[in-house]
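See structure below.
The values are calculated or read from the model by the stated rules, or taken from the named source; none is laboratory data. None of the values given here were measured: they were computed from a predicted structure. Quick reminder, even Gly has a Cβ in these numbers, built from the backbone with ideal geometry, and neighbours come from all protein chains shown.
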Amino acid sequence: MTTNLEAFGDINFPKHLTPKIVHSALFIHNAKDKAETITRVKFLTKELGEKMMTYVMALLILPILMDNMTKSVDYTNFIASRKKTIN
């Protein structure tokens, strides 16, 4: 698979999924400890601004939100009802 974005033609990224936002989230995610994470967040907030950092932080919190959702009663009921209709 190619990593060259030009190979895909003209891509209109939504504001919250631009390569800059994704790379910024990865930059924070790959920090070696909490202190470095805080330093990276402060640095990126200065570089990108608060609006763009909300997108970065949303990407970082997404796995936690998904995990919480799968543990909810509504989700487990939904999955149980889907199994009943499939079988």
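Looking across the stretch 58-79, just one residue is at pLDDT 95 or above and either among the aromatic types (Phe, Trp, Tyr) or closer than 14 Å to residue 20 by Cβ (or both), and that is 59.
What are the residues in the stretch 16-45 that are exposed (fewer than 10 other Cβ atoms within 10 Å of the Cβ) and assigned to a helix (DSSP H, G or I), if any? If the condition is that a residue be exposed (fewer than 10 other Cβ atoms within 10 Å of the Cβ) and assigned to a helix (DSSP H, G or I), then 34, 35 are the ones that fit. Once the stretch 3-15 is narrowed to residues that are part of a loop (DSSP other than H, G, I, E, B) and either of a type in the set (A, V, I, L, M, F, W, C) or in contact with a strand residue (DSSP E or B) (Cβ under 6 Å, 6 or more places away or on another chain) (or both), the residue that is modelled with the highest pLDDT is 13. Every residue in the stretch 23-50 that is under 21 Å from residue 64 (Cα atoms) and out of contact with any helix residue (DSSP H, G or I) (no Cβ under 7 Å at 6 or more places or on another chain), please. Residues satisfying the conditions are 23, 26, 30, 32, 33, 34, 35, 36, 38.
Beta carbons closer than 6 Å, at least 6 apart along the sequence or on distinct chains, pair a first residue in the stretch 54-78 that is surrounded by 11 or more Cβ atoms within 10 Å (Cβ to Cβ) with a second that is in a helix (DSSP H, G or I) and of a type in the set (S, T, N, Q) for 56/24.
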